[in-house]
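Here's the structure, in structure tokens; my notes come after.
The values are calculated or read from the model by the stated rules, or taken from the named source; none is laboratory data. Remember, it's a predicted structure, so these values are computed and weren't measured experimentally. No Cβ is skipped: glycine too gets one built from the backbone with ideal geometry, and neighbour counts run over all protein chains shown.
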Amino acid sequence: MREKIISQPSYWVEQINGELYDSIMIYMEVNKMKQKDLAKYLGISTGRMSQIINEGDINFSLEKIIQIALKIGKIPSFRFQDKKEFLKQETGSEFNGVLFPQKENNEDHSA
């Protein structure tokens, strides 16, 4: 069942759109920006900004997604992985809801 789900392009598009939406909303809140100001900053119309915020309708080209991500201080990270390896890694670990399962990391990142 899981293999069928991850084989659908729409699954991955929704994952990316969801990440971008969350990042946009956080950026807007942290920077205390209004929709119209953010739209101007991102180079999109206020109507399109409204669609994004009110409906979660991202659906941009890959180039525009990357452009927006960079403008809000995010680095888009994509990688291509063998599907069978992905499913194998995913089994028994919590899926992080982005593009790939969390890797085990024993490094201490506390400051």
Pull out all pairs, ordered by first then second residue, where Cβ-Cβ is under 7 Å, the residues are six or more apart or on different chains, the first lies in the stretch 36-48 and is at pLDDT 95 or above, and the second is surrounded by 14 or more Cβ atoms within 10 Å (Cβ to Cβ) and of a type in the set (Asp, Glu). none
Out of Ile52, Ile65, Ile16, Ile58, sole residue that is of a type outside the set (Asp, Glu) and farther than 30 Å from Met1 by Cβ: Ile52
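Please determine whether any residue of the stretch 34-44 is β-branched (Val, Ile, Thr), surrounded by 11 or more Cβ atoms within 10 Å (Cβ to Cβ) and under 14 Å from the mean Cα position of the chain (by Cα). Give the steps one after another, and end with the answer.
The initial filter retains those residues of the stretch 34-44 that are β-branched (Val, Ile, Thr), namely 44.
Retained after the next criterion (residues that are surrounded by 11 or more Cβ atoms within 10 Å (Cβ to Cβ)): 44.
Remaining after also requiring under 14 Å from the mean Cα position of the chain (by Cα): none.
The answer is no, given that none of the residues of the stretch 34-44 is β-branched (Val, Ile, Thr), surrounded by 11 or more Cβ atoms within 10 Å (Cβ to Cβ) and under 14 Å from the mean Cα position of the chain (by Cα).
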Give me a count of the residues in the stretch 19-57 that are basic (Lys, Arg) and in a helix (DSSP H, G or I). 3
Considering only the stretch 49-69, state which residues are free of Cβ contacts under 8 Å to residues at least 24 places away in the same chain, closer than 14 Å to Ile16 by Cα and aliphatic (A, V, I, L, M). Leu62, Ile66
Answer yes or no as to whether Gln67 is modelled with pLDDT of 85 or more, surrounded by 13 or more Cβ atoms within 10 Å (Cβ to Cβ), out of contact with any Phe, Trp or Tyr (no Cβ under 9 Å at 6 or more places or on another chain) and of a type in the set (S, T, N, Q). no
